[in-house]
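Asks: Have a look at this one.
Read-outs: derived from the displayed coordinates by stated rules, not from any lab. Nothing here was measured: the structure is a model prediction, and the numbers come from that model. Positions of Cβ are backbone-derived with ideal geometry, glycine not excepted, and every protein chain shown enters the neighbour counts.
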Amino acid sequence: MFGTNNDARITGDGNLLIQDVHGSTITINLNDDLEVRTFLINFKNEIRALPTDILTAIKDHQNLENAPVVGANLYLTMILKARLAPPHHAEAKFGLSITNLTKEIRYFSQPYFKTDPRLEMPGADNGDAFIMFEAEQKNFPIRMEYGEVVSLVYDIGPDIMPFFRNIAQEGAYMQAFISTTLGELYTSNQYEVQRLVLDFERIRAIR
């Protein structure tokens, strides 16, 4: 999520710099159509917090005639599921949003995930990919029309977090992968494991 006040600005070289609530800086090249479009998809629920002049600059830099013909966007994050009424309760869950950018219907297979370095879990096979099961199970492949968004939510069991903590080093990340029935492969953003562990602890601390 973005912070408030004067935490978004456009630099002299045309980049948009945004400070998020964790103190990290998001940089978007406004002259890169794909980068702007990806930003708008991934942060569609947060951009309302940006100042009007920043929103106007983003709008002015969009090239709507240069929309992608084939593609998909995946965004991996951690989300908060909270009970506001007493007794208060907060849960951390993985969230993966999939947007079909192909101007045709596509069928997307079940996503899988990888970490670098790999998670070392007892009983796991020698592969480095793993599958998570949705909190509300869906039937794959999923049919998606152009512009359609599917949001998947995954429970985070307490037993898996120690394995993430074991690889929470500089540069370690988790990433989602998905393919279509036509053999197209797409990847999500790289979710830093250090950030993942920090987000998890912050959500668990909410009372």
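Asks: Which of the helices in the chain meet the span-like rule: DSSP H, Cα axial reach of 15 Å or more, Kyte-Doolittle mean at least -1.0?
Replies: Answer set is 193-204.
Asks: What value, in deg cm²/dmol to 500, does the helix sum -39500 (n - 2.57) over DSSP H runs of n ≥ 4 give at 222 nm once divided by the residues of the chain?
Replies: The helix contribution divided over the chain gives -5500 deg cm²/dmol.
Asks: Let me test this: with uniform point scatterers at the alpha carbons of the stretch 97-207, what is the Debye-based log₁₀ I(q)/I(0) at q = 0.22 1/Å?
Replies: Debye curve over Cα of the stretch 97-207, log10 I(q)/I(0) at q = 0.22 Å⁻¹: -1.28.
Asks: Highest first, please rank the peptides 27-39, 93-105 by the mean number of other Cβ atoms sitting within 10 Å of their residues.
Replies: Descending packing order for the listed peptides: 93-105, 27-39.
Asks: OK, next. Given the chain, what whole percent of its Cα pairs are spread farther than 30 Å?
Replies: 29 percent
Asks: Whose amide H sits under 5 Å from the amide H of TYR173, counting only residues 5 or more places off or on another chain, with H placed in the peptide plane?
Replies: ASP116, VAL193
Asks: Additional query: In whole Å, how far is the Cα centre of the stretch 174-194 from that of the stretch 131-171?
Replies: First find each Cα centre; the distance between them is then 11 Å.
Asks: Per q in 0.24 Å⁻¹, report the Debye log10 I(q)/I(0) for the stretch 8-66, using one uniform scatterer on each alpha carbon and no solvent.
Replies: -1.08
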